[in-house]
Amino acid sequence: MRGITAYGAYLPKARLQKRVIADANAWFDPGLKGLAKGEKTMCNWDEDAITMAVEAYTDCLGKAPGQTPAALLLASTSLPFNDRQSSVVVAEALNLNIADLRTMDITSSQRASTSGLLSALDIAAGGQEAVLVASEHRRAKCASREEMLYGDGAAAIAVGSKNVIAELVASHSQAVDFIDHFRGEGQDFDYGWEERWVRDEGYMKIIPDTVNALLAKAGVSAADIAHFILPTEQGRVPAMVAKKLGIDGAAIADNLLQSVGITGTAHAILLLAHRLEQAAPGDLVLLTGFGQGCDALLFKVTDAIKKQRPVKGVNGFLDNGRPEENYNKYQSFNDLLEKELGKRSEVNKQAYLSAMYRARGLTNSFLGGKCTACNTVQMPKHKYCVNPECGAYDTQEDHPMVGAKGHVATWTADTLTFDYSPPAYFGMVTFEGGGRIMMDMSEVDPETFDTGSEVSVHFRLKQIDHQAGFRKYFWKAIQA
Amino acid sequence: MASGIKDKVVILGAGCSKFGERWDCEPADLMAEAFEECIADAGIDKSQIEAAWQSTGIDAYSVGPGAMPLSMGLRLPYIPVTRLENYCASGTEAFRAATYAVASGACDIALAMGFEKLKDTGYGGLPQRSRGVSNDLYYPNLSAPGMFAQLAAGYRAKYGTSKEDLKRAMAHVSVKSHANGMKNPKAHLQRLITEEQAMNAMMIADPIGLFDCCGVSDGAACAIVTTPEIAKSLGKQNLVGVKALQMCASNGEEGGFDGWDGSYVKTTRIAAKRAYEEAGITKPREQISMTEVHDCFSVTEMVTMEDLFLSEDGGAVKDVLDGVFDADGEVPCQIDGGLKCFGHPIGASGLRMLYEMYLQLSGRAGDRQLADPKLGLTHNLGGFPHQNVVSVAIVGAYGV
């Protein structure tokens, strides 16, 4: 038996109220008012497809140090680098066993995540474990329908042959050069075609064709499907396709259009994770991914589903939002404005790659040092032990600090230093079990934050160099 | 135990430029302004200076590296000149180098010159700068007030001080320095402020507001040092001698180990103890006549009163509010306006403080002259509260 062994998700905390998009833009396109219901997830300035992927993996499998999947696959069409494998960055941030690990970025289609899941399942067929993470940070033009419909988020699925919670029954794929939208080389935004054509010639034909082939292969009746996942920003399409296929209306997965928005290629996996949270043993789950053809995967939920839960899951993250009503902040965070950032933003952002490579134990993996002579934990790792009673030379071993619980010892909210979202919070964090470091903080709630606040550390963007197209990452303390 | 520096070296002359936004001045102009006062006071010829040290804190934004800015700026006569940089302690470090050179007998007369041209950045506050290629990868995104605001959070947490009480004590620190600066024609900021103004000013880095921050200034200050014997032979009277020169640099323990709680600066305490021992001081609050401390931010000055053992631990808020460190208080602090109002051209600050101590001890401090001061202490603190360099110097009447 091979199939899904764990699932998880991540949604940014900020939820842009769609009303504010309409308030700003309805003068130009009154049609936007009709879409202005609910909210959508919105990356903080220091989140992107990589940072969200780290979080989604962690929600799926917990703090990762010591875990040894054979492969980590990352699906996204919004990866921050065209040539630097993002899945490797994610793997190092997770502290996976990179000395024995396959990685791959899968991109260029809304179907990338379902295709990636199929590849992960191929690896599972060989008896190994693999994890597929899908993550998307979507940008859209001001006053576009996409701006109303798109959201940011990530989800992760682990596959293997032990403790399977949803067995792969069958899969089928079609490749069709149907261009509902595209994003050309060097382009920031999607260019789409009329929705009615996309619906009638795309969704309503390609998906049924693929699913029918799958069901025939599996010998399963459409009426027996308990969960039908069709990620799309066209609200009525899932029901129309379900009806055409003979799938029960109750099986249709909510596309979360008014709470998340469509998270691009991550959406299929996000919805899969969401449905698995609600699934019962024996349920048949039909997952489709649409984009230049279609992937269709059929899973059967096992008894083991009861024992495997994500840390927070989609429902947990849905409940953990913070309403954001500042449309300008959304545009700023997504670099959609030519904004005056001040002279203090003009620092040297050069990426000294050789120094970065040396520092990556700390910067990518948040490794400290643990002295083998006196057990003192210290950050960063150093040639000499920091304990004045010890001071031993060259005794420190790598010590993962990612899961450590921290407390704020000192802090400030700095409005002078440049930050995309001032004030910049930073301070001294002391970790239970040893180790302390002066570090940046994110997602601070000024009402409840103070010395003594409990924090955990999260992989976030530290600096963005738009000129060179580079970005640096480090860990930030976030209030528990 | 080494015999220490006490009374081995005296200040022969000192000078200081007007501090401020000196838009029309090159660094060399500022140096010349301070040096002309200093050499006239010393009563020697430039050719008698045998070695010089130049302190600049942020070279990239003023004159670049090396010692040529000083040697060429003053057209020094082909003598050894060395540039020193040690954060905000740079000025005192240059003084230490010159003093040690004289004490060692390597030269008879030496010059320490500190200067900084900060106002060529196009924005307020200190210039943006790297803290090192690797450090920049993980150091927090911070400004100088942000760094020192950590002390406020740590202090509040340790002593349970309310935000309001701490902010009021911080305000008092600044109000006092503004009052002192009013009497100093060379000070950058010469205006009175009220506690209410200080408490309600624009927030810079919680809880540090605009009036909790020192001035960012252009300026230069210098001193010429020699042996007591040479000074006497030149006809100098009422000599001001060096009593102690100590510094302490963090080793990472405060930030990286578990002892430090953010409520104090460990290096200041260590340097102060050493300085008191070197100068033979056993009761600092009674024996020290006046201090010029590193009030980059008001909260730094307040915490420094405890770190110099002038206030009990946890007692600085009350002492500050009781006026202990006011001009008419028990141990006046920043009688020249301090970094707060005299200004803080980084490389010059340590020497500016010594300049004021020298004037006070020589009875030449004009409207702000204190009554019969005996010992003056200067203190510089550069870096972060948890990893920094600190200098403590004590000067006083020679032979007393």
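The values are calculated or read from the model by the stated rules, or taken from the named source; none is laboratory data. As the structure is a computational prediction, the values presented were derived from the model and not from experiment. Quick reminder, even Gly has a Cβ in these numbers, built from the backbone with ideal geometry, and neighbours come from all protein chains shown.
Can you pull out the residues in segment A:365-389 that are in a loop (DSSP other than H, G, I, E, B) and at the interface with another protein chain (Cβ under 10 Å from one of its Cβ atoms)?
A:Phe366, A:Thr376, A:Met379, A:Pro380, A:His382, A:Cys385, A:Val386, A:Asn387, A:Pro388, A:Glu389
I'd like to verify a number: residues in segment A:96-128 that are in contact with a strand residue (DSSP E or B) (Cβ under 7 Å, 6 or more places away or on another chain) and either modelled with pLDDT under 95 or aliphatic (A, V, I, L, M) (or both), how many?
Going through segment A:96-128 one residue at a time, the tally reaches 11.
Being part of a helix (DSSP H, G or I), in contact with a Phe, Trp or Tyr (Cβ under 7 Å, 6 or more places away or on another chain) and of a type in the set (A, V, I, L, M) is the filter here, so list the residues in segment B:172-211 that pass it.
Hit for segment B:172-211 is B:Ala198, nothing else.
One residue is enough: does segment A:295-316 have a residue meeting the conditions outside any helix (DSSP H, G or I), of a type in the set (Ser, Thr, Tyr) and over 22 Å from A:Gly219 (Cα atoms)?
No: segment A:295-316 contains no residue that is outside any helix (DSSP H, G or I), of a type in the set (Ser, Thr, Tyr) and over 22 Å from A:Gly219 (Cα atoms).
Yes/no matrix, rows are residues, columns are (1) surrounded by 17 or more Cβ atoms within 10 Å (Cβ to Cβ); (2) within 29 Å of B:Asn238 (Cβ to Cβ); (3) free of Cβ contacts under 8 Å to residues at least 40 places away in the same chain:
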{"residue": "B:Arg22", "(1), (2), (3)": "yes, no, no"}
{"residue": "B:Pro27", "(1), (2), (3)": "yes, no, no"}
{"residue": "B:Ala34", "(1), (2), (3)": "yes, yes, no"}
{"residue": "B:Ala42", "(1), (2), (3)": "yes, yes, no"}
{"residue": "B:Ser47", "(1), (2), (3)": "no, yes, yes"}
{"residue": "B:Gly64", "(1), (2), (3)": "no, no, yes"}
{"residue": "B:Arg75", "(1), (2), (3)": "no, no, yes"}
{"residue": "B:Arg83", "(1), (2), (3)": "yes, no, yes"}
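Could you tell me which residue of segment A:459-470 is farthest from the other protein chains (Cβ to nearest Cβ), considering only residues that are surrounded by 19 or more Cβ atoms within 10 Å (Cβ to Cβ) and among the charged types (D, E, K, R)?
Of everything passing the filter in segment A:459-470, A:Arg460 is farthest from the other protein chains (Cβ to nearest Cβ).
Looking only at segment B:358-400, which residues are in a helix (DSSP H, G or I) and under 15 Å from B:Gln287 (Cα atoms)?
Selection gives B:Leu361 alone.
Hey, does segment B:361-370 have a residue that's within 21 Å of B:Gly91 (Cα to Cα) and under 16 Å from the mean Cα position of the chain (by Cα)?
no
Which residue is nearest to A:Thr263 (Cα to Cα), if the candidates are limited to segment A:94-111 and must be out of contact with any Asp or Glu (no Cβ under 6 Å at 6 or more places or on another chain) and in a loop (DSSP other than H, G, I, E, B)?
That would be A:Gln110.
Which of the residues belonging to segment B:288-310 are more than 29 Å from B:Ala220 (Cα to Cα) and either of a type in the set (Phe, Trp, Tyr) or without any contact (Cβ under 8 Å) to a residue 24 or more places away in the chain (or both)?
Hit for segment B:288-310 is B:Phe309, nothing else.
Name the single residue that is nearest to the other protein chains (Cβ to nearest Cβ) among those in segment B:196-255 being surrounded by fewer than 22 Cβ atoms within 10 Å (Cβ to Cβ) and among the β-branched types (Val, Ile, Thr).
Once the filter is applied, the top-ranked residue is B:Thr227.
Out of the residues in segment B:220-242 that are farther than 14 Å from B:Ala98 by Cα and polar (S, T, N, Q), which is farthest from the chain's Cα centre (by Cα)?
Ranking the qualifying residues of segment B:220-242, first place goes to B:Ser233.
From the residues in segment A:126-139 that are more than 13 Å from A:Thr114 (Cα to Cα) and either among the β-branched types (Val, Ile, Thr) or in contact (Cβ under 8 Å) with a residue 60 or more places away in the chain (or both), which one is surrounded by the most Cβ atoms within 10 Å (Cβ to Cβ)?
Checked segment A:126-139; the qualifying residue surrounded by the most Cβ atoms within 10 Å (Cβ to Cβ) is A:Glu136.
Say whether the condition of being crowded, with 20+ Cβ neighbours inside 10 Å, closer than 27 Å to A:Ile478 by Cα and touching an Asp or Glu at 6+ places or on another chain (Cβ under 7 Å) is met by at least one residue in segment B:131-138.
Within segment B:131-138, not a single residue is crowded, with 20+ Cβ neighbours inside 10 Å, closer than 27 Å to A:Ile478 by Cα and touching an Asp or Glu at 6+ places or on another chain (Cβ under 7 Å).
What are the residues in segment B:243-269 that are part of a helix (DSSP H, G or I) and more than 17 Å from the chain's Cα centre (by Cα), if any?
B:Glu253, B:Glu254, B:Gly255, B:Gly256, B:Lys266 - these are the residues of segment B:243-269 that are part of a helix (DSSP H, G or I) and more than 17 Å from the chain's Cα centre (by Cα).
Could you grab me the full set of residues in segment A:391-431 that are in contact (Cβ under 8 Å) with a residue 12 or more places away in the chain, within 28 Å of the chain's Cα centre (by Cα), in a loop (DSSP other than H, G, I, E, B) and more than 8 Å from chain B (Cβ to nearest Cβ)?
Residues satisfying the conditions are A:Met401, A:Val402, A:Gly403, A:Ala404, A:Lys405, A:Tyr420, A:Ser421.
Can B:Thr291 be described as buried (at least 23 other Cβ atoms within 10 Å of the Cβ) and assigned to a strand (DSSP E or B)?
Yes: the conditions hold for B:Thr291.
Could you list, in sequence order, all residues of segment A:326-364 that are within 12 Å of chain B (Cβ to nearest Cβ), surrounded by 12 or more Cβ atoms within 10 Å (Cβ to Cβ) and not in a loop (DSSP other than H, G, I, E, B)?
A:Lys343, A:Arg344, A:Ser345, A:Ala355, A:Met356, A:Arg358, A:Ala359, A:Arg360, A:Gly361, A:Leu362, A:Thr363, listed by residue number.
Confirm whether B:Lys186 is within 30 Å of B:Gly122 (Cα to Cα) and touching a residue at least 12 places away in the same chain (Cβ under 8 Å).
Considered against the rule, which asks whether it is within 30 Å of B:Gly122 (Cα to Cα) and touching a residue at least 12 places away in the same chain (Cβ under 8 Å), B:Lys186 comes out as yes.
Please note which helices (runs of 4 or more DSSP H) are completely contained in segment B:61-162 and include at least 1 residues that are within 14 Å of chain A (Cβ to nearest Cβ) and farther than 21 Å from B:Gly252 by Cα.
Filter on segment B:61-162 gives B:144-159.
Name the pairs: first residue in segment B:352-370 and in the same structural domain as B:Cys296 (by TED's automatic domain parsing), second residue modelled with pLDDT of 95 or more and aromatic (Phe, Trp, Tyr), Cβ to Cβ under 9 Å, at least 6 apart or on different chains?
What qualifies is B:Arg352/B:Phe19; B:Arg352/B:Phe342; B:Met353/B:Phe342; B:Leu354/B:Phe95; B:Glu356/B:Phe342; B:Arg364/B:Tyr358.
Return the only residue of A:Ala296, A:Ala273 being in contact with a Leu (Cβ under 7 Å, 6 or more places away or on another chain), among the aliphatic types (A, V, I, L, M), modelled with pLDDT of 95 or more and within 22 Å of A:Val237 (Cβ to Cβ).
A:Ala296
Determine whether A:Lys37 is charged (D, E, K, R) and outside any helix (DSSP H, G or I).
Criteria met by A:Lys37.
Restricting attention to segment B:167-179, does a residue exist that is away from chain A (no Cβ under 14 Å), without any contact (Cβ under 8 Å) to a residue 12 or more places away in the chain and surrounded by fewer than 21 Cβ atoms within 10 Å (Cβ to Cβ)?
So far as segment B:167-179 goes, no, none of its residues is away from chain A (no Cβ under 14 Å), without any contact (Cβ under 8 Å) to a residue 12 or more places away in the chain and surrounded by fewer than 21 Cβ atoms within 10 Å (Cβ to Cβ).
So how many residues does segment A:263-285 have that are part of a loop (DSSP other than H, G, I, E, B) and buried (at least 24 other Cβ atoms within 10 Å of the Cβ)?
Of the residues in that region, 3 qualify.
Please find, within segment A:432-458, the residue that is farthest from B:Thr161 (Cα to Cα) out of those that are more than 8 Å from chain B (Cβ to nearest Cβ) and of a type in the set (A, V, I, L, M, F, W, C).
Applying the filter and picking the extreme gives A:Val457.
Mind checking which residues of segment A:373-412 are of a type in the set (Lys, Arg) and more than 25 Å from B:Gly146 (Cβ to Cβ)?
Result: A:Lys381, A:Lys383.
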